[in-house]
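The values are calculated or read from the model by the stated rules, or taken from the named source; none is laboratory data. Keep in mind that this is a model prediction, so the values were computed, not measured. Cβ sites come from the backbone with ideal geometry, for glycine too, and all protein chains shown count toward neighbours.
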Amino acid sequence: MASSSNLPIACNDHRVTVIGAGHVGSTLAHRIAQRNLANVVLLDIVPGIPQGIALDLMQAQGMDCHNREIIGTNDYMDTTGSDVVIITAGLPRKPGMNRDDLLKINAKIAVEVAEKAIARSPDALYIIVTNPLDVMTYLVWQTIGLPVSRVMGMAGMLDSARFQTFIAMELGVSIADVSGLVLGGHGDLMVPLPRYSTVRGIPITELMDEETIDRLVDRTRHGGAEIVNLMKTGGAYSAPASSTCAMVEAILHNQSRLLPVSSYLDGEYGLKDIFIGVPTRLGCRGVEKVVEINLTDTELAALHTSAESVRKNIKRAQEMLA
């Protein structure tokens, strides 16, 4: 992998495997190549689909101004030696469904995919995007047996990006000046933190009234469902892909970025043996450090409630797989 330097590293030889060539996976493959981060292997079980998408993306090279190789395949042999493996495979939500409704089918898919991927890329870092995300991250980690620093979920990145967007839209300010922070599980019990969400360093609690903040918090919690209900036949894919790509960049360029990531907790925030969204330093070796910020009693209680929901679903998924 990368060196331990804090400087950006050359990534000419890096290989990233994206498993699942649906909207999220194919958009992510495009983002990674377009930003010149790594060569990409796009894998899917459906013959022809990843090959066709890869060829289409390769034909955009000249317009996108990159020289990355994008391979489409149905064979895990082609993923051998990947630096990062991203699992997006699984069924998406449909209107009326929540992320937990996907538990049984996606748990089976995630575990099978992880077993095949680890056989070809035992030294890779693994990023999980499949929903319900925190549960799938735990199951993948349990399946492949890697150190917890090398397995993580995308969750908090997307949730925080949504909160950031809604804040910018509400205030009519440049999103470049807005920072949002959301902790907890990637579900309706996520924990947006207005005190830590700012516009040019100013907490939004000083810029909006409580009613407005509560409305934005609620919209953030249901941000994915809002898109599913609008699209009818699918869910969000552009923002999830961009969120995951930012994690890949932090890893391959060894940026030691502080990002909201679904990371393993071993006592932090009073939680143990669980993956859940928390501020995490992310670099070339994966999770460098889980950062504990000061939470009020109410915020900490909300985080524990979210974690308990994740824990219950982990147990349900394990029973289903058994």
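Points worth noting:
- Qualifying positions in segment 187-201 - among the aliphatic types (A, V, I, L, M), surrounded by fewer than 24 Cβ atoms within 10 Å (Cβ to Cβ) and not in a loop (DSSP other than H, G, I, E, B): V199
- Condition check for T79: touching a Lys or Arg at 6+ places or on another chain (Cβ under 6 Å) and farther than 22 Å from G187 by Cβ: yes
- Residue check, T212 at pLDDT below 95 and either in contact with a helix residue (DSSP H, G or I) (Cβ under 9 Å, 6 or more places away or on another chain) or part of a loop (DSSP other than H, G, I, E, B) (or both): no
- Check on G25, in a helix (DSSP H, G or I), more than 18 Å from L139 (Cβ to Cβ), among the small types (G, A, S) and touching a residue at least 60 places away in the same chain (Cβ under 8 Å): yes
Okay, residues lined up against (1) surrounded by fewer than 15 Cβ atoms within 10 Å (Cβ to Cβ); (2) of a type in the set (G, A, S); (3) part of a loop (DSSP other than H, G, I, E, B); (4) free of Cβ contacts under 8 Å to residues at least 40 places away in the same chain:
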residue: L37; (1), (2), (3), (4): no, no, yes, no
residue: V40; (1), (2), (3), (4): no, no, no, yes
residue: I71; (1), (2), (3), (4): no, no, no, yes
residue: V85; (1), (2), (3), (4): no, no, no, no
residue: A89; (1), (2), (3), (4): no, yes, yes, no
residue: P95; (1), (2), (3), (4): yes, no, yes, no
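- Any hit, segment 91-108, residues being touching a strand residue (DSSP E or B) at 6+ places or on another chain (Cβ under 9 Å) and either under 25 Å from L189 (Cα atoms) or not small (G, A, S) (or both): no
- Tally, over segment 272-303, of residues that are surrounded by 15 or more Cβ atoms within 10 Å (Cβ to Cβ) and touching a residue at least 24 places away in the same chain (Cβ under 8 Å): 21
- Residue that is farthest from the chain's Cα centre (by Cα) [pool: residues in segment 147-186 that are buried (at least 24 other Cβ atoms within 10 Å of the Cβ), part of a loop (DSSP other than H, G, I, E, B) and not aliphatic (A, V, I, L, M)]: G180
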